[in-house]
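Just below is one structure, and these are the notes that go with it.
The values are calculated or read from the model by the stated rules, or taken from the named source; none is laboratory data. Computed from a prediction, not measured in an experiment: that's the story for all the values here. Glycine also receives a Cβ, built like all others from the backbone with ideal geometry; neighbour counts cover every protein chain displayed. To get the accessible areas, we keep the full protein, side chains included, count just its heavy atoms, and leave off ligands, DNA and RNA. Shrake-Rupley method; radii C 1.70, N 1.55, O 1.52, S 1.80 Å.
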Amino acid sequence: MNILVSGGAGYIGSHACKALAQAGFTPVTFDNLSTGWRDAVQFGPFIQGDLTDAEAIGRAFETYEPKAILHFAALSRVDEAMRNPGLYWRNNVLGSLNLIEAAVEHGCLDIVFSSTCATYGDQDNVILDETTQQQPLNAYGASKQAVEQMLRDFGATHGVRHVVFRYFNVAGADPEAQVGEFHRPETHLVPIVLDAVAGVRDGVTIYGTDYPTEDGTCIRDYVHVSDLVDAHLLGLRWLLEGKGSRAFNLGTGSGFSVRDVIDAARRVTNMDVPTTLGDRRPGDAIKLVSGSNRAEHELNWKPCKSTMPQMIEDAWRWHQVADYRE
Ligand code: UFG
């Protein structure tokens, strides 16, 4: 069974393609390689195309007749969205509209969509579960919230069934190090810390040490990419079994500060991580931790690899062999 994977050459999409292939599906990657890597497409056919090109998407449906879609393709950097909101509305929202319209036209009505905890914004003392009111702080979160609404509208009118996953912070890599996290430029905390361990960069700047948290740095809920893609397979099966549209947080409910992550990297690698104290990064929420077990209860999701040492160990293994061509 062919599954169309938009963004299959990216960090999370490439791990999903591996998991799909292992489960007996054929992942068909549709990716413009703007942030993904050709070398990461190892588990099925590849179409180089852009979601803002409706004709290219139509051809992909005609050629491969996918039964369902995993929709990862998106720009996802808060700092970039703060500087250039139009880019995010055009790429993430218009691109998704083209994909969903083509899906409807070709009768492919099951869609698993990558959304984000950034749709919740910064809500002090509010438990972030799926019923929490979404109030994004930036155009990235707003673009994802808009696509969630788009899916509901197309569900009501055209019968699109969707599972929306609101990711917390994804980290780690394929334990076999076949694929992993590789961004240029890199902005994410774990690979930056490992770059510092490896001496590829001088150190890590901690963005803000005066937040109202125990150690003054921001708190995030980290999920292992392997656990995250397990949830996608469960979401795909949920849809193929005819269950209804549903939104799920993907986080573990444990919060780690920036300093916690750096300390864990020191312990796992047994190496030093030089740090510099810097200013707050615009658009950052103070604390984003999932307050929901819905995915565990309803999808039977078991995020068993999402411990900080395991995520850093797997990311570190990958970091030492990462060789996508630049
Ligand atoms: N951080 C640093 N120094 C760095 C990089 C990051 O201190 O060099 C801090 C950030 O300020 C933040 C934390 O580490 O407090 C995590 O930052 P990341 O960039 O790794 O992740 P974000 O929390 O900013 O972003 C993630 C996803 C986004 C999503 C966002 C929701 O990558 O797609 O969560 O806020 F939008």
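Among the residues of region 103-119, write down those that are part of a strand (DSSP E or B) and of a type in the set (A, V, I, L, M).
111, 112
Would you confirm whether or not region 265-285 contains a residue that is within 13 Å of the ligand (Cβ to nearest atom) and basic (Lys, Arg)?
Yes, region 265-285 contains at least one residue that is within 13 Å of the ligand (Cβ to nearest atom) and basic (Lys, Arg).
What pairs can you find where one residue is in region 200-212 and within 12 Å of residue 273 (Cα to Cα), the other is of a type in the set (Asp, Glu) and surrounded by 16 or more Cβ atoms within 10 Å (Cβ to Cβ), and their Cβ atoms are less than 7 Å apart, with a gap of 6+ or different chains?
Final answer for the pair search is 201/195.
Of the residues that make up region 125-147, is at least one charged (D, E, K, R), within 30 Å of residue 200 (Cβ to Cβ) and part of a loop (DSSP other than H, G, I, E, B)?
Among the residues of region 125-147, not one is charged (D, E, K, R), within 30 Å of residue 200 (Cβ to Cβ) and part of a loop (DSSP other than H, G, I, E, B), which makes the answer no.
For region 255-295, what are the residues that are small (Gly, Ala, Ser) and buried (at least 17 other Cβ atoms within 10 Å of the Cβ)? Working first, answer last.
At the first step, the residues of region 255-295 found to be small (Gly, Ala, Ser) are 255, 257, 264-265, 278, 283, 285, 290-292, 295.
Hits for region 255-295 are 255, 257, 264, 265, 283, 285, 290, 292, 295.
In region 267-307, what count of residues is obtained for those that are outside any loop (DSSP other than H, G, I, E, B) and in contact (Cβ under 8 Å) with a residue 40 or more places away in the chain?
13
Name, by its number, the condition in (1) open to solvent by less than 20 Å² (accessible area, probe 1.4 Å); (2) within 24 Å of residue 81 (Cβ to Cβ); (3) modelled with pLDDT of 95 or more; (4) within 16 Å of the ligand (Cβ to nearest atom) that does not hold for residue 151.
(4)
If you take the residues of region 172-194 that are touching a residue at least 60 places away in the same chain (Cβ under 8 Å) and part of a helix (DSSP H, G or I), which of them is nearest to the ligand (Cβ to nearest atom)? Even if it seems obvious, please write down each step before you answer.
So in region 172-194, the residues touching a residue at least 60 places away in the same chain (Cβ under 8 Å) come out as 172-175, 177-184, 187, 189-191, 193-194.
Right, trim to part of a helix (DSSP H, G or I) and you get 189-191, 193-194.
Details: 189: 4, 190: 7, 191: 8, 193: 8, 194: 11 Å.
Among them, the one singled out is 189.
Name the pairs whose Cβ atoms lie under 9 Å apart, with the first residue in region 160-171 and away from the ligand (no atom under 16 Å from the Cβ), the second among the acidic types (Asp, Glu), and 6 or more positions between them or separate chains?
Listed by first residue and then by second, the contacts come to 160/110; 160/153; 161/110; 162/110; 162/148; 163/110.
Any chance you could count how many residues in region 127-148 are open to solvent by 20 Å² or more (accessible area, probe 1.4 Å) and either touching a Cys at 6+ places or on another chain (Cβ under 9 Å) or not hydrophobic (A, V, I, L, M, F, W, C) (or both)?
9
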